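The values are calculated or read from the model by the stated rules, or taken from the named source; none is laboratory data. Just so it is clear, the structure is predicted and the values come from calculations on it, not from any experiment. Virtual Cβ from ideal backbone geometry, glycine too; neighbours counted across all protein chains shown.
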Amino acid sequence: MSRSSPPSRTRERLPRPSSIPARAARCMWVSALSVEAFAGRPPLRPARSGRRGLRLTAVVVPLVVAAGGCTPAGMWTLAEIDGAAAQPGAVLRLQGRRISGTDGCNAFTGRLETGPWGWRLGDLQSTLRACADADARGQSERVSMVLSGDPVVGFAGDRLTLSGPGGRLDYRPAFPHVSRSETSP
């Protein structure tokens, strides 16, 4: 009589922690700390190798992807408004969950919020200065329309986008010689 062996389980191979790009690993670690802090638990220690590190990777990667990735920290310059070239002087600064900047005429500040949609701007406040130049005034009004429309923040390559019902703002790094991984938290 022959004995039948139990059905074999196939295991899906997960990437080794060393094969994950440094920026993604940093994002995962930040997200894991955020999840643990939210749950009221002490923060995780980074797993250097072994199964625990792979498990951490497998659990946190979907969280990072769902949240839209890490915050693209740093200074950004407005390049386009709805596909048309923007005037110089409009900048955006992301630092942690805080956002600040200028539309070339008025200053604004706010907060980055996360949810199932990704990143959104919230608690926006702006100055109401009169712009001397008609072109600057037009740009200020268009930027204000986008910011007041609860814009979604997108990040692809070296481009940061704020888009909503009021239009679309495309930003580029203010210091293009600095790589994206050096501007991340």
Q: Would you point out which residue out of 150, 170 is surrounded by fewer than 18 Cβ atoms within 10 Å (Cβ to Cβ) and not aliphatic (A, V, I, L, M)?
A: 150
**Q.** Odd one out for residue 118 among (1) closer than 21 Å to residue 174 by Cα; (2) under 17 Å from the mean Cα position of the chain (by Cα); (3) among the small types (Gly, Ala, Ser)
**A.** (1)
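Quick check on residue 137: is it more than 18 Å from residue 83 (Cβ to Cβ) and modelled with pLDDT under 90? Break it down stepwise before answering.
Numbers: more than 18 Å from residue 83 (Cβ to Cβ): yes; modelled with pLDDT under 90: no.
Criteria not met by residue 137.
Just to verify a result, which residue in region 120-147, among those that are part of a helix (DSSP H, G or I) and among the hydroxyl-bearing types (Ser, Thr, Tyr), is surrounded by the most Cβ atoms within 10 Å (Cβ to Cβ)?
Here the answer is 140.
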Q) Which residue pairs have Cβ atoms under 9 Å apart, sit 6 or more places apart or on different chains, and have a first residue in region 109-131 that is in the same structural domain as residue 169 (by TED's automatic domain parsing) and modelled with pLDDT under 85 and a second that is part of a loop (DSSP other than H, G, I, E, B) and β-branched (Val, Ile, Thr)? A) 119/71
